[in-house]
1. Does any residue of region 33-47 turn out to be of a type in the set (A, V, I, L, M, F, W, C), assigned to a helix (DSSP H, G or I) and either over 30 Å from ALA152 (Cα atoms) or at pLDDT below 80 (or both)?
2. Within region 196-303, considering only helices (runs of 4 or more DSSP H) that don't extend past its boundaries, which have at least 3 residues that are among the hydroxyl-bearing types (Ser, Thr, Tyr) and at pLDDT below 90?
3. Look at LYS283 and say whether it is under 30 Å from LEU65 (Cβ atoms), open to solvent by 60 Å² or more (accessible area, probe 1.4 Å) and not β-branched (Val, Ile, Thr).
4. Can you tell me which of (1) without any contact (Cβ under 8 Å) to a residue 12 or more places away in the chain; (2) over 30 Å from SER94 (Cα atoms) is the one LYS273 doesn't meet?
5. Just one of (1) without any contact (Cβ under 8 Å) to a residue 60 or more places away in the chain; (2) open to solvent by 60 Å² or more (accessible area, probe 1.4 Å); (3) more than 21 Å from VAL199 (Cα to Cα); (4) touching a helix residue (DSSP H, G or I) at 6+ places or on another chain (Cβ under 9 Å) trips up GLY170, so point out which.
6. So the check is Cβ under 7 Å with 6+ separation or different chains; which pairs have a first residue in region 84-108 that's among the acidic types (Asp, Glu) and a second one that's open to solvent by 20 Å² or more (accessible area, probe 1.4 Å) and assigned to a helix (DSSP H, G or I)?
7. Only one residue in TYR104, TYR96 is open to solvent by 50 Å² or more (accessible area, probe 1.4 Å), under 20 Å from ILE4 (Cβ atoms) and at pLDDT 75 or above. Which one?
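The values are calculated or read from the model by the stated rules, or taken from the named source; none is laboratory data. Please read all numbers here as calculations on a predicted model, not as lab measurements. Counting neighbours? That spans all protein chains shown, and the Cβs are built from the backbone with ideal geometry, glycine included. Note: accessible area is taken over every heavy atom of the protein model, side chains too, but ligands, DNA and RNA are not part of it. Shrake-Rupley method; radii C 1.70, N 1.55, O 1.52, S 1.80 Å.
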Amino acid sequence: MILILNVLLAPIVAFIIAGFYYGFYRRFTARIHRRWGPPIYQNFADNIKLYSKVEAASHGLMFHLGPVIMAAGSVTSLLFIPFFNNSVWFSGVSEYGNLILITYLMVVGPLGNALSVGAGGNPFGVMGVVRGLTRLIGLEIGMYIAIGLLMAVSGTTSLTKIISFQVESGTWNMVEHPLIFIISLFSFVGFMGASPFDVVGAPTEVYSGPVAEFGSKYLGILMSQRLMFSFAKLLLWVNLFLGGASNILELLGKTFALFLFEISIGSVFPRFKVEQAVDFLWKIPALLGLLAGVLMFFNGGVV
């Protein structure tokens, strides 16, 4: 019974929390631009409006399945990431998976997006997908290096064990392994879609990117999955490097701190070109990863 409740409630709670986070983000960026901005609950109002509309466009079966595949990737990723330490609530099915599975599930969404947008044939959408998949190649470098190094120094692929090690030692991995944490931040900012790596739906270059052909409930599904997936990524980084959370206040505090860091970076730095983003992501995290590997070898796993 608890497992069923976890599976049902986790996506809903993630959607609500991320909805308010992105509501804050819209107000935050508006104030930077000297605008008032929409109310903090605007994301929920937009989502309800989209679900109430009827889709007029149709480009075949895969066009309809794409948003569902993306949502499935976001929800399943979320279910393998526990919300709290040593708690049966909101743990999903995390005891049955590991970091290798989680990193695999996190790329299901972009692939579903590519299949759906390809069926639509909109040139702006296809251009955005090509940009996104190209950027993904660069983002994976830093993420896989950081997670691989963390699994190596922890001696396990289990996310729950990595959290337990931090709780037992009383030291976060961010402090214990600062270089690995720094490497991971490059991928984190990119995966969250913030500048300077927001090359997919760049409004002045590719109109609205992959979502150009979507409307009504399909756009609502994409919006919902983005919110859930964003919270899943925040949650993953909190568990990997910030010692997880023991209660709801700690969870909100840590995830919001990471979110605030991401939107602050996005508000300060201009967008890279696609080739600049990939070049940066291939060089900087890779070089830092090589340095971390050398230090790990000579320092007995301390990086």
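1. Within region 33-47, one or more residues are of a type in the set (A, V, I, L, M, F, W, C), assigned to a helix (DSSP H, G or I) and either over 30 Å from ALA152 (Cα atoms) or at pLDDT below 80 (or both).
2. Details: elements: 203-206, 216-241, 248-268, 274-299.
Counting at least 3 such residues, we get 216-241.
3. So LYS283 does not fit the description; no.
4. Here LYS273 meets the rest and fails (1).
5. Condition not satisfied by GLY170: (4).
6. Sorted first by the residue in region 84-108, then by its partner, the pairs are GLU95/THR160.
7. On the way: TYR104 fails: under 20 Å from ILE4 (Cβ atoms).
Selected residue: TYR96, the only one of TYR104, TYR96 that is open to solvent by 50 Å² or more (accessible area, probe 1.4 Å), under 20 Å from ILE4 (Cβ atoms) and at pLDDT 75 or above.
Listed here are the residues, each with its yes/no results for (1) open to solvent by 40 Å² or more (accessible area, probe 1.4 Å); (2) under 21 Å from SER187 (Cβ atoms); (3) under 19 Å from the mean Cα position of the chain (by Cα).
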residue	(1), (2), (3)
ALA14	no, yes, yes
ILE32	yes, no, no
LYS53	yes, no, no
LEU65	yes, no, no
GLY92	no, no, yes
PRO110	yes, yes, yes
ASN113	no, yes, yes
GLY118	yes, no, no
